[in-house]
Amino acid sequence: MKSPFKAALLSGLVFPGLGQIYLKRYMRGLTIIIPVILGLMLIIAMAVIGALEGLKKIQIEGGNVDMDTILNLAAAYSKPSAVHSEIIFLFIVCCWLFSVIDAYRIGKRNLPNGQDEKGS
């Protein structure tokens with residue numbers, strides 16, 4: 001039997017949706033994994049676009065583009081300052097929490113009656 005605790009750990013510590021995949025609920029797992037990946041990609045894309053715009057502005061103004069400038073821009077644009085970033089981040093956290101709870105509940109439901117996680 002698949003352990004509900006192990007499924008919850010996979011979804012909580014590795015990646016949301018992996019617990020469902022471990023429990024052979026493939027469509028349910030993919031339904032969680034795909035939006036989370038898309039959300040992460042959106043946050044990264046927004047940070048990269050912002051950093052590139054900042055670099056372009058520095059080059060137009062005739063400033064030096066050195067490693068410190070690039071690191072400062074990357075740090076500035078990786079902070080969730082835009083409302084969109086915060087909403088996407090909140091969505092990802094909600095998916096993550098749902099994934100952990102859902103994986104545990106599915107695993108617990110699949111255990112035979114009267115059996116705990118250790119099989120006794």
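Read-outs throughout are calculated quantities, based only on the coordinates presented, and are distinct from any laboratory measurement. A quick note: this is a predicted structure, and the numbers were derived from the prediction, not measured. Cβ coordinates were reconstructed from backbone atoms using ideal geometry, including for glycine residues, and neighbour counts include every protein chain displayed.
Assorted remarks:
- Under-29-angstrom lysine pairs by C-alpha in the chain, whenever the two are 8 or more apart or on separate chains: 11
- At R0 = 30 Å, FRET efficiency that the Cβ-Cβ distance of K24 and F91 yields, to 0.05: 0.70
- Across the chain, the relative contact order, built from alpha-carbon pairs under 8 Å that are at least six residues apart, equals 44 percent.
- Coupling constants for the range 46-59 follow from the phi torsions by the Karplus curve (6.51 cos²θ - 1.76 cosθ + 1.60, θ = phi - 60°), and in residue order they are 5, 5, 5, 4, x, 5, 5, 5, x, 5, 4, 5, 5, 5 Hz; glycine and proline get x.
- Within the chain: Cβ-based charge dipole about Cα centre, in debye rounded to nearest 20 (Lys, Arg +1; Asp, Glu -1): 840 debye
- The chain - convex hull of the alpha-carbon atoms, volume per residue in Å³: 102 Å³
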